[in-house]
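K.L.:
Okay, handing you the structure first.
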Amino acid sequence: MVILRYIGSRLLFLIPQIVGIVLVGFILIKAVPGDPATLMLGPMASTDSIAKLRTDLGLDRPLPVQFFIYLQKLVHGDLGTSWQTTQPVLSDLRTRFPATLELVSYGLLLALLIGIPLGVLSAVRKRGIIGKIGGMYGLVAGAVPDFWLALVLVFVFYSVLHWLASPIGRIDISVVPPDTITGFYTIDSLLAGNWDALGSSVQHLLLPVVTLGLINAGPILKMTQSTMDRMLQADFSQYERLCGLPPQLITRHAFRNALPSILTIVSVLYGFLIGGAVLVEIVFSWGGAGQYAVQGVLNSDFNPVLGFVIFSALFSLVIYFLVDLAYLAIDPRIRH
Amino acid sequence: MPIKNRFNAEPTSAVWSLILKRTGYGLRYFVQFLRVYPGYAAGYVVVLTVALVAAVAPVIAPYSPVNADASVYLQPPTLAHVLGTDSTGMDVFSRVIFAPRIDLAIAVIGTLVSSIVGSSIGAWVGYFQSTTGIRSFSSNAIMRAADVLQAFPVFVFAIALVAVFGQSINSLVLAIAFVNIPIYLRLMRSQVLRIRDMRYVEAAYILGVPDWVIIGRHIVPNSIAPVLAQLSVNIGWSILLTAGLSFVGAGVRAPTPEWGSMIAMGFPNVMTGQWWPSVFPGLALAITVFGFALIGGSIEFLADPRRRRTLASGKPPLPTPA
Amino acid sequence: MLRSSLQGIKVESMNHRNRTNGLSRRAVIKSAAAAAAYSLLPKFGTAESFAAEATHTLVVAAPATPQSLDHEFDVSLGTIDTVGALYDNLLEYEKIPDPQVPDALREDIAVHSDQPYNLNLKGKLAEKWEISSDGSVARFFLRPGVKSNWGNELTADDVKWTWDRKLHLTGLGPFQAGVLNITQEDQIQVEGRYVVSFHVPKPNPLLLKQMVNLSNPVYDSVKCEQVVTKDDPWAHKFLENNSAGFGPYVVSQLVRGQQAVFKARSDYYRGKPYMDTVIFKEVPTSATRLSLLQGGSVDIAQFLQPLEYTTLKKVSGVSVDAVKASFAVWVELNAKMKPFDNLKVRQAMNYALPREEILKTVFQDLADKQTGCIPDIYPDFTDKFWTYDADLDKAKSLLAEAGFKDGFKSTLSYDAGNPVQEPIAILFQTALRKIGVEIVLNKVPAATFYDFVTKREQPLIFYLDSPWVPDPGYSTQLYFNSKSYVDYSNYANSEVDDLIKSGLQTLDPTVRNETYTKAQQIVMNEAPWVFIA
């Protein structure tokens, strides 16, 4: 019952938050100079046709009216059209958002695989070399720019060593991408039994995932280490030690208590990376959603930007919500 | 003999003696800290060096950072050009040491602005939260607004701000400031919430000390440490953001030396084998941000009284056997 | 293998000898095809190998997919590249081997006094053609039995509809028709099922050349008439995403921003093209296109940077050939904005540009100096009025004469999507600094750059282009006629206007030569552009 009420109240807040985000985005985008009508019709257009298009798009109405029109269309699932791709934004995002999601998910997975073990180890063995490495890693990973690391990796593994063939794009050009079920090339090709596509998409995922994984392991490691540290110093751990429990068990218990903080940082990173992976997307010509939005801002193409903002905000909110649910599951104190 | 205490003494001299005492303590702790953890000194060394180099760059740079000389384009590192030249013949070394002037300036000023503005709003919000009436309502409204701002994808937000204000250094500073305000807002607010429940604040309130004096003299100084720690880390992160913006083309104008735009300009050359125009600025960037991160870590340590106490022994604390 | 594949594809409509300066449209075909040969050959065993032999598929890495397939309104690179494959013209030039690269074929655009109308033409959709003795009527006899991709036969009505469309829409059409002095529908007459005639008030030397121009192919009017609506009587919406023409290819898939797929037509009147499928993949970064080529994933990489060609030269098994073309890049000096309304200032800007250095480093010697205001391979071109070799002292003294002894400030806008413009801008900026001129560089995103150019509000802006008809009248009309849409530098000189006009009203090659030499003399002296390459 309590849980249902909690979920209900959270969902209730979702709507105004989304509206708030759309409002901020709308104001911001409208402040960016550039006239979509001229850009859509091209330089050969007559002033008449431009004026007509502006009326069609509703650009001649006052801003609050435009906002309400946008909201109206939004409720019906119409995110507008991008003048660059001449496609509806919704369908553009349907292909690009999973692309970013796939990249970010695998990247975070790798980051977790690197960050958590190292974090736990460096908290447990603070004095040894692992502890020092752990501390260093967190700092270094946070300092290295992700697009630069991507460049360096491409240079080393492709230009110099030739270990990987053309690490650009999500899949090799000669290989047909699998039919879209989830939008994740890896999952879709697995489901279809298409081994060529699987192999090619995995190969293309390698470098960008490594880039994101190495860098984002930093904050995860730091958070794991500091939380584990605190848990190991805490009274309950001291008590367990007094009681003579084996070290493995103590560590496991401490880790269980550290999980909420780790979950927090993962959720924050997840939400951040949807838009934050854009630089890596650009280096690898990934065709992701962040890249799509950035191109939109740079070229005065408003609808993709707003569409992306909505998608990513929704996604963040969903993630936070799921994480909160996970807290409920992990931390018995919250239930009361 | 009149008892000199905080509430009897002249305001100015009391504050001064407070500051001196605190600084004195601070310095002692700082020196002790460096003795126990010598590694952190590297952070200070790095940042000071970078700042120094940036300051004297016009004097020590062998070439002008914006002088394109086609006759020496894309040369690998040699004695004449220690870090090589880029595709228009500009000397990479000169550009790398001139770049921090822009990068540091933007990051430091932007972060400072955001910390001052964000902290002020945050302190106000935290102090007046859960009081009744308009103050409570507006503080809640501000928090929801901060939520919304933070949910916005940072990078897109920054690019849009630059597009709105036009491509210039000022707009970059504004973008950095804007993007970081929610962080300080939240930080300060949580600190203020913690401290305003303390006894001495309650005492001051009962004595009738006006609100803004309470905030200014009691609450803020006691909550400033985490903000300082965040400041340093934030500066590092802001440098990365500036570089990222320039990489995408929304940053400084060409050919202004700036680490991110240097990496971007050198990107096509990396594929054809000329790695130096992109790699060196990236290294400089990473090292600088690393330095700031170390500084931030040291401030964080010093701000925590529990960890500060462990310095007394002169050695890093023994890890709890696990 | 390559020569036949080159012939099969329509891409060889090289109106111009293509200089691989990274700018010309078809620049890379030869060199990239040569590079592709290397990449195709040894890789058959790997996962990324590309059995082009078996499937006859050509993959092209292009900077952009076509925005709109209606060339009337879209002059973007992606559209231009595809128009030649989807549509056919009435006429074409005969092909001859390129003098520098004998394996490559190029159009013969020279003046041939022994040929009818002084041109070496071949019929495409037209079998025969004639011009009346007074030069005012051109009659075309269409080839019977030619089918469009919708199955409709080519008739004179198609030609009429095509040209009527030009007169009614507000894009490129009015220019293309205007250059021929065609302004009324009754100037195009259908005289029989396969006979159509054009009537011009005065003899016009461009009559036949315009029929070769890729901007003037023939639409399938039967199909178009089926899809018109009241709001869209000229099938613009339909033609944006579909083709209705008589060309060898038809568009089978168009996903903008990603790729465009073209399939060969087996009922093409000249026989099915060699390449069954042509895939245009959008790959925005040139470095990426290069690596895709090196890896064998694509057969052709368009618009590589000059440095990338140099790298390709070092790869064994690749031969890089460069042929001359008509594409050029220059900086527009806005004659309506101070201080570029001053002749001496414009000349000074030309003297200040470190041209030789730019050609050597930015273009890697893959470009020629632009010594005239029309492409140097066009008839009646002359470089004898060229004086602007780099001379900073001369530039400084000219500035002083103009009253700018202490220099001035300005802004130079360049295209973020074109990789050669930023280095040129930086080199130019350094040189100008030496004579006291401070310019700020303004990077404009690629999608909005063209918009900037056409607005004509910038003092200095880059532009790169090629006039599509190899004719001095056409070329000068485009850029230097004060009423031309493409006169982006706001150049206005009534004497030049008259010269251009008179040259377009006579068929006599000697008279034309005199007229256009004089026009070039005036234009070169007035320096409306900073000539680069």
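K.L.:
Who wins for biggest fluctuation among A:Thr85, A:Thr100, A:Thr224 in a Gaussian network model of chain A, springs between alpha carbons below 10 Å?
P.N.:
Result: A:Thr85 has the largest fluctuation of those listed.
K.L.:
For peptide A:28-40, how many partner chain Cβ atoms fall within 10 Å of a residue's Cβ, on average?
P.N.:
Details: counts 7, 4, 1, 5, 7, 3, 5, 2, 0, 0, 4, 4, 1.
The shielding value for this peptide is 3.
K.L.:
To continue, here is another question. Hey, what angle do you get for helix B:220-248 against the long axis of chain B, alpha-carbon based, 0 to 90 degrees rounded to 10?
P.N.:
20 degrees
K.L.:
Taking one equal scatterer on every alpha-carbon of the protein assembly as shown, how large is log10 of I(q)/I(0) by Debye at q = 0.05, 0.06, 0.07 1/Å?
P.N.:
Those come out to -0.40, -0.57, -0.76, one per q.
K.L.:
Determine which lysines satisfy two conditions relative to C:Lys443: a Cα distance under 18 Å, and not lying fewer than 8 residues away in the same chain.
P.N.:
C:Lys409, C:Lys455
K.L.:
Among C:351-359, A:190-198, what's the highest-first ranking by average C-beta atoms within 10 angstrom per residue? Show your work: numbers first, answer last.
P.N.:
Working: C:351-359: 21.8, A:190-198: 15.3.
For the peptides C:351-359, A:190-198, the packing ranking is C:351-359, A:190-198.
K.L.:
Go ahead and estimate [θ] at 222 nm for the protein assembly as shown from helices alone: -39,500 (n - 2.57) per DSSP H run with n ≥ 4, summed, over the residue count, rounded to 500.
P.N.:
Details: 44 runs with 656 residues, N = 1191.
Helix-only estimate at 222 nm: -18000 deg cm²/dmol.
K.L.:
Straight-line reach only, C-alpha to C-alpha below 14 angstrom: list the aspartates and glutamates that C:Lys369 could link to, leaving out same-chain residues fewer than 8 apart.
P.N.:
Qualifying aspartates and glutamates at Cα under 14 Å: C:Glu356, C:Glu357, C:Asp383, C:Asp389.
K.L.:
Which value in Å does the Kirkwood hydrodynamic radius of chain A take, with 1/r averaged over all unlike C-alpha pairs and then inverted?
P.N.:
Numbers: mean 1/r = 0.0439 Å⁻¹.
Every distinct Cα pair counted, the radius reaches 22.8 Å.
K.L.:
Identify which of B:Gly260, B:Gly166, B:Gly273 has the largest mean-square fluctuation in a Gaussian network model of chain B, with springs joining Cα atoms closer than 10 Å.
P.N.:
Sorting by GNM fluctuation, first place goes to B:Gly273.
K.L.:
With unit charges on the beta carbons (Lys and Arg positive, Asp and Glu negative) and the dipole taken about the Cα centre of the protein assembly as shown, which residue among A:Pro304, C:Leu208, B:Pro58 sits farthest to the positive side?
P.N.:
Result: B:Pro58.
K.L.:
Rounded to the nearest 0.05, what FRET efficiency do A:Phe68 and A:Leu328 have when you use their Cβ-Cβ distance and R0 = 41 Å?
P.N.:
Values: r = 37 Å, r/R0 = 0.91.
Here the calculated transfer efficiency is 0.65.
K.L.:
While we're looking at this one, here's another question. Return the distance in nm (one decimal) between the two label points of a simple spin-label model at A:Lys132 and C:Ser133, each offset 7 Å from Cα along Cα→Cβ.
P.N.:
Here the modelled spin labels are 10.3 nm apart.
K.L.:
Find how many whole Å separate the alpha carbon centroid of the stretch C:317-345 from the alpha carbon centroid of the stretch C:367-415.
P.N.:
Between the Cα centre of the stretch C:367-415 and that of the stretch C:317-345, the gap is 9 Å.
K.L.:
Within 14 Å, Cβ to Cβ, of B:Ser120, how many net charges do the neighbouring residues add up to if Lys/Arg are +1 and Asp/Glu are -1?
P.N.:
Values: positive: B:Arg186, B:Arg189; negative: B:Asp211.
Residues close to B:Ser120 contribute a combined charge of +1.
K.L.:
Applying 1/(1 + (r/R0)^6) with R0 = 56 Å to the Cβ-Cβ distance of C:Ser316 and C:Thr229, what FRET efficiency is obtained, to the nearest 0.05? Write out the running numbers ahead of the final one.
P.N.:
Values: r = 58 Å, r/R0 = 1.03.
With a Förster radius of 56 Å, E is 0.45.
K.L.:
So what's the gap between the Cα centers of the stretch B:153-225 and the stretch C:185-206, to the nearest angstrom?
P.N.:
Computed from Cα coordinates, the inter-centre distance equals 77 Å.
K.L.:
Now for a separate question. Calculate how steeply helix B:11-36 sits against the longest principal axis of the alpha-carbon atoms of chain B, using the helix alpha-carbon long axis, and give the answer as 0 to 90 degrees to the nearest 10.
P.N.:
The angle comes out at about 50 degrees.
K.L.:
How big is chain B by the Kirkwood estimate over distinct Cα pairs, in Å? Kindly include the intermediate steps, with their values, before the conclusion.
P.N.:
Numbers: mean 1/r = 0.0446 Å⁻¹.
Here the Kirkwood hydrodynamic radius works out to 22.4 Å.
K.L.:
Sticking with this one: Give the aspartates and glutamates whose C-alpha is closer than 20 Å to that of C:Lys160, dropping any in the same chain fewer than 8 places away, or say none.
P.N.:
Qualifying aspartates and glutamates at Cα under 20 Å: C:Asp70, C:Glu72, C:Asp88, C:Glu92, C:Glu127, C:Glu130, C:Glu185, C:Asp186, C:Glu191, C:Asp220, C:Glu225, C:Asp232.
K.L.:
Write down the Å³ per residue value for the convex hull defined by the alpha carbon atoms of the stretch C:91-224. It would help to have the intermediate numbers written out before the result.
P.N.:
Values: hull volume 17.3 nm³, N = 134.
Convex hull volume per residue, Cα atoms: 129 Å³.
K.L.:
Based on the Kirkwood radius over alpha-carbon pairs, what is the Stokes-Einstein translational diffusion coefficient of chain C at 10 °C with 1.306 mPa s viscosity, in µm²/s?
P.N.:
On the way: Rh = 24.1 Å.
The diffusion coefficient I find is 66 µm²/s.
K.L.:
Could you calculate the FRET efficiency of C:Lys272 with B:Arg309 from 1/(1 + (r/R0)^6), where r is the beta carbon distance between them and R0 is 60 Å, rounded to 0.05?
P.N.:
With R0 = 60 Å, the Cβ-Cβ based efficiency is 0.10.
K.L.:
Too long at a 19 Å Cα-Cα cut-off: which of C:Lys338/C:Lys396; C:Lys124/C:Lys281; C:Lys202/C:Lys384; C:Lys95/C:Lys202; A:Lys52/C:Lys237; C:Lys360/C:Lys405? Could the numbers behind the result be given before it?
P.N.:
Details: C:Lys338/C:Lys396 17 Å; C:Lys124/C:Lys281 29 Å; C:Lys202/C:Lys384 31 Å; C:Lys95/C:Lys202 30 Å; A:Lys52/C:Lys237 16 Å; C:Lys360/C:Lys405 31 Å.
Pairs exceeding the cut-off: C:Lys124/C:Lys281; C:Lys202/C:Lys384; C:Lys95/C:Lys202; C:Lys360/C:Lys405.
K.L.:
Within the P(r) computed for the stretch C:209-297, what percentage of the Cα pairs occupies the region above 21 Å? List each step's numbers first, then the result.
P.N.:
Numbers: 1989 of 3916 pairs.
Summing the P(r) of the stretch C:209-297 above 21 Å gives 51 percent of all pairs.
K.L.:
Now a separate question. Taking each residue of A:272-283 in turn, how many C-beta atoms of other protein chains fall within 10 Å of its C-beta, and what is the average?
P.N.:
Working: counts 4, 1, 1, 6, 6, 1, 7, 8, 0, 0, 7, 5.
Other-chain Cβ atoms within 10 Å of each residue's Cβ, averaged: 4.
K.L.:
Using per-residue counts of other Cβ atoms within 10 Å, averaged over each peptide, order B:106-115, A:249-258, B:234-243 from highest down. Please report the intermediate quantities before stating the final value.
P.N.:
Working: B:106-115: 22.8, A:249-258: 18.0, B:234-243: 27.2.
Sorting B:106-115, A:249-258, B:234-243 by mean packing, highest first, produces B:234-243, B:106-115, A:249-258.
K.L.:
Mind giving me the nanometre distance, one decimal, between the label points for B:Ser168 and A:Arg252, set 7 Å out from Cα along Cα→Cβ?
P.N.:
A separation of 6.3 nm, rounded to one decimal place.
K.L.:
Right, another one. For the stretch B:199-322, what's the radius of gyration and Dmax over Cα atoms, in angstrom?
P.N.:
22.6, 73
K.L.:
Let me ask something else. Hey, got the dipole for the stretch A:177-336? About the Cα centre, +1 on K and R Cβ, -1 on D and E Cβ, debye to the nearest 20?
P.N.:
Dipole of the stretch A:177-336, to the nearest 20 debye: 640 debye.
K.L.:
What is the distance in Å between the Cα centroid of the stretch C:274-299 and that of the stretch A:200-253?
P.N.:
Cα centroid of the stretch C:274-299 versus Cα centroid of the stretch A:200-253: 44 Å apart.
K.L.:
Let me ask you something else. Taking other Cβ within 10 Å of each residue's Cβ, how do B:Tyr63, A:Tyr6, B:Tyr184 sort, fewest first? Present the calculation step by step, with values, prior to reporting the outcome.
P.N.:
Working: B:Tyr63 19, A:Tyr6 15, B:Tyr184 24.
Ordered from fewest to most neighbouring Cβ atoms within 10 Å, B:Tyr63, A:Tyr6, B:Tyr184 come out as A:Tyr6, B:Tyr63, B:Tyr184.
K.L.:
If you don't mind, another one. Let me confirm one metric for peptide C:358-366, namely the mean number of other chain beta-carbon atoms within 10 Å of its residues' beta-carbons. Please list the in-between numbers first.
P.N.:
Details: counts 2, 1, 3, 10, 4, 0, 0, 0, 0.
Partner Cβ neighbours, averaged per residue: 2.
The numbers here are math on the coordinates, done by the rules we state, and not lab data. Bear in mind the structure is a predicted one, so any value in this text is a computation, not a measurement. Don't worry about glycine lacking a Cβ; one is built from the backbone with ideal geometry, like all the others, and counts go over all protein chains shown.
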